[in-house]
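The values are calculated or read from the model by the stated rules, or taken from the named source; none is laboratory data. Keep in mind the model is a prediction, meaning the values are calculated, not measured. These accessible areas exclude ligands, DNA and RNA; they are computed on the full protein's heavy atoms, side chains included. Shrake-Rupley method; radii C 1.70, N 1.55, O 1.52, S 1.80 Å.
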Amino acid sequence: MEFIGKYLNLKTLNRREKYIIYGAGCLLGLLIIIQFVIAPFIENKNQMQRSLQAKKTELEEMRRLQAEYNTLKQKLQLSQISIGEREKGFTLYSFMNQLAGQTGIKDRISYMRPTNTVQKNSNYKLSRVEMKLDAVTLEQLTSYLYGVETSKNMVIVKKLSISKKEKDDRLVNVILQVETLEA
């Protein structure tokens, strides 16, 4: 304070100069208040709003994932019920063979290759059958696929390859891969 008083004597200044100094002091004080009080408050408020928006987005994502989880859980329960309601001793190979007999294409089967894969961390095994059908009509194939897809045994067509028979355009050769879960 002595330093300011030594070089700036307010008693010797005229009224206009005093107002300028007081104004500059008030302006300086106002800038300090803005810089160290108001600006941090506003920045904190903006940061909280951004954080709140991020948390809302996370909450929406969590709700979406929870709904998806619940849907998958319900599907799992329905699948477990369907698997439990199958005939005792159900095998995919015998089902496919029986369905081929019902749709009249059993004599068109070139081969059937069954495979079973034990699922990790599960009580179920993945049963898969690959089969080749030679010289079947599209109507026969459609009937067979309909029987596979609409059965209560939860059998799905995983892969299907259809090619025309070289000698007869009305007939096709088919390689079909189906799978299901078995207890």
Estimated vicinal HN-Hα couplings, Hz - the range 156-165 in sequence order (Karplus 6.51, -1.76, 1.60; Gly, Pro = x):
10, 7, 8, 8, 9, 10, 10, 9, 6, 6
Solvent-accessible area of Arg113, probe 1.4 Å, all protein chains present, reported in Å² to the nearest ten, please.
130
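Once you keep just the Cα pairs under 8 angstrom separated by 6 or more residues, what percentage relative contact order results for the chain?
Numbers: 177 pairs, mean separation 31.7, N = 183.
This gives 17 percent for the chain.
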Largest-first ranking of Met96, Met48 by accessible area, probe 1.4 Å, whole protein assembly kept, is Met48, Met96
How compact is the chain by the rule of thumb for globular proteins, expressed as Cα Rg over 2.2 N^0.38 Å?
2.52
